[in-house]
Amino acid sequence: MNDNVRNLPKRSDPVLRVIPGPSDINANGHIFGGWVLGVMDQAGGIVAGRVSQGACATVAIEKMEFIAPILLRDIISVYASLERRGRTSMGIRIEVIATRERGQQEVKVTEGLFTFVALDEQHKPRPLPER
Ligand SMILES: CC(C)(COP(=O)(O)OP(=O)(O)OC[C@H]1O[C@@H](n2cnc3c(N)ncnc32)[C@H](O)[C@@H]1OP(=O)(O)O)[C@@H](O)C(=O)NCCC(=O)NCCS
């Protein structure tokens with residue numbers, strides 16, 4: 001059994017739950033890394049929009065790690081939380097968990113730290129609102 005399967009910490013609700021489709025499979029029979037990056041970006045964007053109360057853009061992706069493959073029929077849960085709050089930027093930690101075997105197995109498949117910047121109407125950096 002994969003080491004990532006056991007001892008997953010208890011989390012709050014996922015920001016997104018999605019199921020990859022047959023067109024998302026690469027030549028190895030696993031799900032494309034680009035597909036999972038896209039869903040992580042969407043989940044991070046949702047949290048960044050909530051924190052900043054407005055438009056945001058992804059400015060950087062750090063510490064991206066593909067830990068285990070995603071398989072067809074996995075149910076993908078994307079967890080995202082604010083890790084760092086800057087003047088206009090937000091560091092958002094994103095973790096992806098695959099549920100398989102009809103809910104019997106959970107595997108942490110991907111993790112990354114994304115930086116989003118709050119934008120004003122001219123698409124320039126905008127200070128985050130007061131907490
Ligand atoms: C987002 C954007 C407006 C920022 O412009 P910029 O001139 O770099 O702005 P600044 O230098 O004032 O930086 C703004 C904030 O982003 C942070 N930042 C900028 N580049 C960064 C990088 N590569 N990594 C981490 N943080 C970064 C800065 O530290 C600053 O944070 P702070 O205000 O919390 O201290 C510009 O880079 C942009 O439009 N990028 C394209 C975004 C995009 O199209 N994303 C993909 C689709 S959503």
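The values are calculated or read from the model by the stated rules, or taken from the named source; none is laboratory data. Because the structure is a prediction, the values reported are computed rather than measured. For neighbour counting, all protein chains shown are included, and Cβ atoms are generated from backbone atoms with ideal geometry for every residue, glycine included.
Data table
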{"item": "Test: residue in segment 52-66 that is assigned to a helix (DSSP H, G or I) and at pLDDT 95 or above", "result": "yes"}
{"item": "F116, sole failed condition from (1) more than 9 Å from the ligand (Cβ to nearest atom); (2) within 15 Å of the chain's Cα centre (by Cα)", "result": "(1)"}
{"item": "Conditions (1) more than 13 Å from the chain's Cα centre (by Cα); (2) outside any strand (DSSP E or B); (3) away from the ligand (no atom under 13 Å from the Cβ): number failed by G49", "result": "(3)"}
{"item": "Hits in segment 17-33 (condition: touching a residue at least 12 places away in the same chain (Cβ under 8 Å) and in contact with an Asp or Glu (Cβ under 9 Å, 6 or more places away or on another chain))", "result": "I19, P20, I31"}
{"item": "Residue in segment 81-92 that is more than 9 Å from the ligand (Cβ to nearest atom), within 11 Å of G44 (Cβ to Cβ), in contact with an Asp or Glu (Cβ under 8 Å, 6 or more places away or on another chain) and not in a loop (DSSP other than H, G, I, E, B) present", "result": "yes"}
{"item": "Condition broken by K108, with the remaining ones in (1) in contact (Cβ under 8 Å) with a residue 40 or more places away in the chain; (2) more than 16 Å from the ligand (Cβ to nearest atom); (3) more than 18 Å from S12 (Cα to Cα) satisfied", "result": "(3)"}
